[in-house]
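The values are calculated or read from the model by the stated rules, or taken from the named source; none is laboratory data. Predicted model, so just to flag it, every value in this text is computed and none were measured. Glycine also receives a Cβ, built like all others from the backbone with ideal geometry; neighbour counts cover every protein chain displayed. Just so you know, the surface numbers come from the protein's heavy atoms only, side chains and all, with ligands and any DNA or RNA stripped out. Shrake-Rupley method; radii C 1.70, N 1.55, O 1.52, S 1.80 Å.
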Amino acid sequence: MSIRKLTALAAVPVLAVSLAACGESDDTTSATDGAAETSVAEEVATESAPGTVTESTSPGADGGTDDQIVAAQHDLPREVSDYTGEAKSDMGEESVTPDEVERVLAAANNKEAGVDIEWDDDGYWEISFGGIDIDVDPYGLVLEVDRDD
């Protein structure tokens, strides 16, 4: 067998593998891009939440405020789901009852006069009403409680 034939026999499998790898790469990229587009579309559909309340002072580029745009991505919980150990301790020290905490959250959801609601960048709502301040996450977990003196 001549060297030319050996070279040709060795080159054919290498070339076939290279072409197959390139073909798979394109198919994988298309499938990944399609999945990413679907994922983004699902996120956009779930991010707009009716009944979200916030107050802010910084104007956004589109007429809304930066805090409103961020807060619109997070629902204000309708009810308290639980309390952290710190919140329970705060309630004891500040003489705040669970009913009072629930009343503050209800006032926020009903947009009552005198309620102050702000989204904190750390991932929770800060709500003040009737001399009581609560920090609550989007799932209703109360993180901190404080009574204004």
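Observations on the model:
- Single residue of region 104-149 satisfying the filter (in a loop (DSSP other than H, G, I, E, B) and in contact with a strand residue (DSSP E or B) (Cβ under 8 Å, 6 or more places away or on another chain)) that is least open to solvent (accessible area, probe 1.4 Å): G140
- Set A71, A87, A49: member being among the aliphatic types (A, V, I, L, M) and at pLDDT 95 or above: A87
- Residue match in region 105-114 (condition: under 13 Å from D75 (Cα atoms), among the acidic types (D, E) and at pLDDT 95 or above): no
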